[in-house]
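The structure under discussion appears below in the form of structure tokens.
The values are calculated or read from the model by the stated rules, or taken from the named source; none is laboratory data. Bear in mind the structure is a predicted one, so any value in this text is a computation, not a measurement. All Cβ positions, even for glycine, are placed from backbone atoms using ideal geometry, and neighbour counts span all protein chains on display.
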Amino acid sequence: MTTMPTWSDLVDLVKHGNSLDGPPVRATLRLHNDPGSLDLTVQAEEPAEVLRLPAGDYRFVWADGRRSLARLDGTPLLLEDGRRTLVLAEDGAVVDATDGRVDVHCVESALITRRQYVPDRRGDVRPVERDGRESWSITGNRSECIVDAETGVLVSLSAMWRDGGECAEFIDVDFPGRIGDEEFRWAGEPADSILVDRLARPIDETRARAIVAGELDRIAVPYPPAAPADHRILPVTVAWWVYMDLNRPAYDVGSTVDMFLWFEEIDAGDTDGTVVTVDAYAEETTVERPVGLTNGRWSMILRGDGWSALWEAPRPVLGQVRLTGRFHQSSDRAAETPLTPTRGRVTRLRYRSGYTTVDVPAVRRSVPKVWIQGGGQFGVDPILVTLDLDTATPPEPAQLERPTALQGFAVTGGVDAPVLWRGDLRLPIVWRTDMASGESTAVALPLRIDAAPMYIARVRGRAGDGCRVDAVGHTFLVGDDGSIVEEERPAVLEDFPGAVRHPHGGWVVSRYDVEDSWTHMVQGGMYGFPVDRGVQRLGHLTDDGTVEWKRELPVGPFDSPAALHVARDMLMTWQGTTVSYLDDELQEIRTAHIESADGYQIHHVTASDGCLLVKSETYDGKSELRRLDPETLEVLLLVGGPGRPRHLQVDDATTAWSADRTSLRLHTRRADGEWTSREIELQHAGGE
């Protein structure tokens, strides 16, 4: 078997094998699944055609930037011979798309688009055999790609989603040294000699609506029988943007779902069965939303028979109410709303586009939509979900306790009897795990559960026989015996996140004031992003609680304000790759630059255990932690390897620990000065 490549070598191999100058390929393309709904984005005025490939086998040929795709019976579907592009349209017409684009709509289309495919993160690599050839399988994040070991050509792509899976692969694949012009013909004839039925044309509003209508016809099913008259039926409207914001949840007729709802009071008549009259008990929410003459809304919770919903009431009200309106799914997550979710069995699903509504059996990752940049969006909006509250399956107890080292960790007890400290993903809890027995105990912090949506408890390092924890403006010292002591911290620091203790007493604080802001548009991009410029001020926090500002630093539109750090009694700021050392008056003494390894970008710098900890990543998912001497910036320890190490603890000159979300590694320095590491199996009572 070929020697196992490094990750960088494997990425380079894949890039070359699937680039425009990659090796020739002749194969049978096997698509194991039909594609999902068409979600198409096009440029206004750009000629475009869509080629849909359902599950089945196809003949595929590629060489020197030329591509041919045909059915097994020889019917041509797509031909790009370097001079002309022909495609078979859905209506049977032969279309010349030379001056436009062809969107191939199939599962795992990256297999045949021949763009520079790059695995999106470091995965597990193992040798496999495909069609008698040595290959590499790269698995990770519920997906697998298989790469020919010699050529780097992708020969299989598959993914497993929460709502199913998909797979595309080459079989009977051949990598000839050369493929001649005779294989790039349309039904045996050169492309130049073919009389086409029409030229590719831009997708305008009329054509976009027709494409969406065709998608709806393709997936429509008969509407289901009516629910029993005595059942509690709740129609829910799901706006397209909410569906996207919730990361495109899967809905199936017959499945049970939990939804956070909000109620919209409507006076208009019912045209689609979504407007209902309900009786409910109205109570004011605990959400602090001011009511004034400008908004005139009162934030309420409606509690009905088996359901609850937020309601922005246009008037003060309390107690029993009867309202007419529409239920909507909220984009809020559980940590962002005071509501109890409404649980029901999905008895009907409908797509609405304009005045057309069709029943569908399921909602998957994409819904029919055409976005013409510069010309509007056309497609499904909203999704209509009908819930039967009486036939829902009983809920299962939720696993809420989830220890995580994503936001920090600490290890006490040394190598012989290590104890791991982590915060919880959602609850104000610090987890103490005895690494020898795997037994975990929870230490509850005196904080409200809704004090923060996630990562309330952030373990920042060792403190005696326990750990130091930052939690929504508070700092606690948690002892090995479960004791909790809150560190005193000036109340004024609540307005200055990132403040540090001055080496000679007091606090150094920072404030960023925006002077101008706008939306920056990348040339050719679909979205803009907000940018601003302003001034960062550095100052001393005085004994009476006021701030004495000492220095101003300009901050450009694509820069971040400098971060304050203290290490070995040295006060410094970090911005980008520059470390600036400051005197007692916060003036710059000198600067130094943190060097990056080739291909690595510095993402974060923190002070830890008297040194600087530099976190860097590459675009293809590799990452490393470097521990630097704060004065010379000499590298004292480098941690890389599997996973994405995010945090580092150094016990002494020969022992260190690193952790990411789910793994812990012990690093030991040998007598020759080299560091070795091994993974420590994590066990705990809660569960990740």
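Within the range 126-134, can one find any residue that is in contact with a helix residue (DSSP H, G or I) (Cβ under 7 Å, 6 or more places away or on another chain) and either in the same structural domain as Tyr58 (by the TED database) or of a type in the set (D, E, K, R) (or both)?
No, the range 126-134 has no match at all.
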Scanning the range 314-329 for residues that are under 26 Å from Asp381 (Cβ atoms) and either part of a loop (DSSP other than H, G, I, E, B) or not β-branched (Val, Ile, Thr) (or both) gives Pro314, Leu323, Gly325, Arg326, Phe327, His328, Gln329
Given the condition at pLDDT 85 or above, of a type outside the set (Ser, Thr, Tyr), touching a His at 6+ places or on another chain (Cβ under 7 Å) and surrounded by 10 or more Cβ atoms within 10 Å (Cβ to Cβ), answer yes or no: does some residue in the range 509-530 qualify?
no
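Is there a residue being of a type in the set (A, V, I, L, M, F, W, C) and closer than 25 Å to Asp258 by Cβ anywhere in the range 410-420? Steps first, answer last, please.
From the range 410-420, those of a type in the set (A, V, I, L, M, F, W, C) are 410-411, 415, 417, 419-420; that's our starting set.
If we keep only those that are closer than 25 Å to Asp258 by Cβ as well, we get none.
There is no residue in the range 410-420 that is of a type in the set (A, V, I, L, M, F, W, C) and closer than 25 Å to Asp258 by Cβ.
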Restrict the check to the range 596-606 and report whether at least one residue is among the charged types (D, E, K, R) and at pLDDT 80 or above.
no
For the range 37-59, enumerate the residues that are among the acidic types (Asp, Glu) and under 12 Å from Val104 (Cβ atoms).
Glu49
Pairs please, first residue from the range 423-450 and not assigned by the TED database to the domain that holds Asp660, second anywhere and assigned to a strand (DSSP E or B) and of a type in the set (D, E, K, R), Cβ atoms under 6 Å, 6+ apart in sequence or on different chains.
Gly423/Arg458; Trp431/Arg422; Thr441/Arg432
Is there any pair with a first residue in the range 405-416 that is closer than 16 Å to Leu625 by Cβ and a second that is aromatic (Phe, Trp, Tyr) and surrounded by fewer than 20 Cβ atoms within 10 Å (Cβ to Cβ) whose Cβ atoms are under 6 Å apart and which are 6 or more apart or on different chains, and what are they?
Gln407/Tyr455
Within the range 53-62, identify whether any single residue is within 30 Å of Gln373 (Cα to Cα), surrounded by 19 or more Cβ atoms within 10 Å (Cβ to Cβ) and touching a His at 6+ places or on another chain (Cβ under 8 Å), and answer yes or no.
yes
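Please specify each residue of the range 36-50 satisfying the condition of being within 30 Å of Ala362 (Cβ to Cβ) and at pLDDT 90 or above. Break it down into steps so the answer makes sense when it comes.
As a first pass, look at the range 36-50 and keep what is within 30 Å of Ala362 (Cβ to Cβ): 36-42, 48-50.
Ala48, Glu49, Val50, listed by residue number.
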Go through (1) modelled with pLDDT under 90; (2) exposed (fewer than 14 other Cβ atoms within 10 Å of the Cβ); (3) under 30 Å from Gln587 (Cβ atoms) for Phe496 and report which single condition fails.
(2)
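Of these, Leu387, Leu445, Leu420, which one is within 30 Å of Arg348 (Cβ to Cβ), at pLDDT 90 or above and surrounded by 20 or more Cβ atoms within 10 Å (Cβ to Cβ)? Talk me through it step by step, then tell me what you get.
Numbers: Leu445 fails: within 30 Å of Arg348 (Cβ to Cβ); Leu420 fails: within 30 Å of Arg348 (Cβ to Cβ).
The conditions single out Leu387.
Does the range 284-296 include one or more residues that are at pLDDT 90 or above and either assigned by the TED database to the domain that holds Val370 or surrounded by 12 or more Cβ atoms within 10 Å (Cβ to Cβ) (or both)?
Within the range 284-296, none of the residues are at pLDDT 90 or above and either assigned by the TED database to the domain that holds Val370 or surrounded by 12 or more Cβ atoms within 10 Å (Cβ to Cβ) (or both).
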Taking strands (runs of 3 or more DSSP E) that do not extend beyond the range 641-681, which have at least 1 residues that are surrounded by fewer than 19 Cβ atoms within 10 Å (Cβ to Cβ) and at pLDDT below 85?
675-680
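Being buried (at least 16 other Cβ atoms within 10 Å of the Cβ) and under 31 Å from the mean Cα position of the chain (by Cα) is the requirement here; does Asp434 meet it? So that I can check it myself, show each step before the final result.
Details: buried (at least 16 other Cβ atoms within 10 Å of the Cβ): yes; under 31 Å from the mean Cα position of the chain (by Cα): no.
Here the answer is no, as Asp434 does not meet what is asked.
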Selection over the range 313-356 where residues are farther than 30 Å from Thr286 by Cβ and surrounded by fewer than 17 Cβ atoms within 10 Å (Cβ to Cβ) yields a count of 3
